[in-house]
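The values are calculated or read from the model by the stated rules, or taken from the named source; none is laboratory data. Source: prediction; values computed, not measured. Because the Cβ atoms are built from the backbone with ideal geometry, glycine has one as well, and the counts that use them run over all protein chains shown.
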Amino acid sequence: MSEGFVYRIDVRITTPVHDTEVTDRVADAIRNVFPNADVEERHGELVAETHSVDRLAELLRRQEILDTARKEFLDGRRGDAFSFSLKKQAAFEGVVNFAVGDPDELGDVSVRVTVDQPDVETFVDHLAPQTEAGRPVEDPWDV
């Protein structure tokens, strides 16, 4: 992560766990995108919390999907937070694939990022900066 950019966020991740799934593999799907997440099993679902999106930022850049991510984050903005969903199988593979439309048969990984500092727009600009020809105009992350 870039030095000098101070942020304070709370990330809450939830995903259903079906009888046909191995709970540890579903937890791995969360940890492959959010490695610092504290994952708990609760009544047929996993709930996780973290305060870091460093790995997510790295994956967005590696996969060159900043524009898509930016749109998803801004479309999911509500007050001091933004929400988005990821495909569970892709996350298990360490790949960010935004879930749009109907949920996957086994459910998606739902993510809600509450931004305490700075504001949502500034944080999204930092996490998924605007691009030109697919490259960040100014990229604050050192990945």
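Out of (1) at pLDDT 95 or above; (2) of a type in the set (D, E, K, R); (3) within 24 Å of Val115 (Cα to Cα), what's the single condition that is false for Arg61?
(1)
Among what's in region 82-99 and is surrounded by 20 or more Cβ atoms within 10 Å (Cβ to Cβ) and touching a residue at least 40 places away in the same chain (Cβ under 8 Å), pick the residue that is farthest from Asn32 (Cα to Cα).
Only one residue fits best here, namely Phe82.
What are the residues in region 108-125 that are exposed (fewer than 13 other Cβ atoms within 10 Å of the Cβ) and part of a loop (DSSP other than H, G, I, E, B), if any?
Result: Asp119, single match.
Quick check: is even one residue across region 93-100 farther than 13 Å from Val111 by Cβ, more than 11 Å from the chain's Cα centre (by Cα), aliphatic (A, V, I, L, M) and at pLDDT below 95?
Yes, there is a match, as at least one residue in region 93-100 is farther than 13 Å from Val111 by Cβ, more than 11 Å from the chain's Cα centre (by Cα), aliphatic (A, V, I, L, M) and at pLDDT below 95.
Answer yes or no as to whether Glu64 is closer than 22 Å to Phe5 by Cβ, in contact (Cβ under 8 Å) with a residue 12 or more places away in the chain, touching an Asp or Glu at 6+ places or on another chain (Cβ under 6 Å) and not basic (Lys, Arg).
Judged against the criteria, Glu64 is not a match.
In the list Asp28, Asp24, Asp19, Asp10, which residue meets the criterion of being touching a helix residue (DSSP H, G or I) at 6+ places or on another chain (Cβ under 8 Å) and either farther than 16 Å from Val111 by Cβ or acidic (Asp, Glu) (or both)?
Asp28
State all residues of region 1-51 that are surrounded by 19 or more Cβ atoms within 10 Å (Cβ to Cβ) and of a type in the set (Ser, Thr, Tyr); if no residue qualifies, say none.
Thr15, Thr50
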